[in-house]
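The block underneath contains the structure these notes are about, expressed in structure tokens.
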Amino acid sequence: MSESSLKTRRRLQRDKDFTGDRLTTFRQVFWRHGLPGLALALLCFATPDLRALFVAVSEKAMMSPAQYALIGLVIFALLSAYAWRIDRRWDPAKLGWIIYLGALSFWEEWVFRVALPYIMYSQGIALWIAIVISALVFSAAHYFTLRWKWHWCVGTFFGSLALSALLEAHHDLFLITAFHWIGTYSNTPRPPGQNASVGLRG
């Protein structure tokens, strides 16, 4: 394998260290990152106060479900077109990966941009401090579960702060989910284990 191929293959993940080996299958990614996030999302949703908060930040989508559904379909179509463009081929795994990242983006935004900051704020922590702490936890999760290199986690931290600012401005969970979905897919457009001509990008 050429040096450029190896560098591309390891664009996001670190070499083997105390967190384990590289993640090369969807099952590994789901068990280490996706499933814990989903469990946290459901746990937060089980709390009455947080359910009320979920309704509040979903109100715009609930008032215009057709419009939001159309926007979601447009985003899906654009990501699908990009998936075909980068490899000039299509398969069910690519479709599933796009859908998975959309769902992942939704429950991560719910937990780390809405629920967790609210929990800390309700305990007397200043809102901006709660937002920063939540962004740090979110970035650390990518470091330990997905084994991302530290500079990608730093970028994730600042991206989290930007999404929190967007949420404060618009109070729309689905809006920030859309930005998260597009950003995440642009960064990892191939399912784990799928190689481009120069190696695995994700």
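The values are calculated or read from the model by the stated rules, or taken from the named source; none is laboratory data. Keep in mind the model is a prediction, meaning the values are calculated, not measured. Glycine also receives a Cβ, built like all others from the backbone with ideal geometry; neighbour counts cover every protein chain displayed. Remember, those area values only see protein heavy atoms, side chains included, never the ligands or the DNA or RNA. Shrake-Rupley method; radii C 1.70, N 1.55, O 1.52, S 1.80 Å.
Ordered from highest to lowest accessible area with the whole protein assembly present and a 1.4 Å probe, Y100, Y121 read as Y121, Y100.
Per residue, the convex hull around the alpha carbon atoms of the chain comes to 124 Å³.
Calculate the tail of P(r) for segment 59-101: the fraction of all Cα-Cα distances greater than 11 Å, expressed in %.
Cα-Cα pairs of segment 59-101 separated by over 11 Å account for 67 percent.
Using the heavy atoms of the protein chains alone and a 1.4 angstrom probe, what is the accessible area of the chain per residue in square angstrom?
Result: 54 Å² of accessible area for each residue.
Note on segment 1-106: along the principal axes its Cα atoms extend 53, 37, 20 Å, ordered by decreasing extent. Computed over the chain, relative contact order equals 37 percent, with contacts defined as Cα pairs under 8 Å that lie 6+ residues apart.
The fraction of accessible area contributed by carbon and sulfur in segment 102-202 is 74 percent, rounded to a whole number (1.4 Å probe; ligands and nucleic acids excluded). The angle between the Cα long axis of helix 35-45 and the main principal axis of the chain comes to about 10°, on a 0 to 90 degree scale. Taking K60, K16, K149 and ordering them by how much accessible surface each has at a 1.4 Å probe, largest first, produces K16, K60, K149. Peptide packing for 31-37, 90-96 was compared via the average number of neighbouring C-beta atoms within 10 Å per residue; ordered from the highest value, the list is 31-37, 90-96. Here the accessible area is traced with a 1.4 Å probe on the protein chains. For segment 13-85, carbon and sulfur cover 72 percent of it. Summing Lys and Arg as +1 and Asp and Glu as -1 over all other residues whose Cβ lies under 11 Å from the Cβ of W84 gives a net charge of +2. Global size of segment 60-144: 17.1, 53 Å for Rg and Dmax (C-alpha atoms, Rg to one decimal, Dmax whole).
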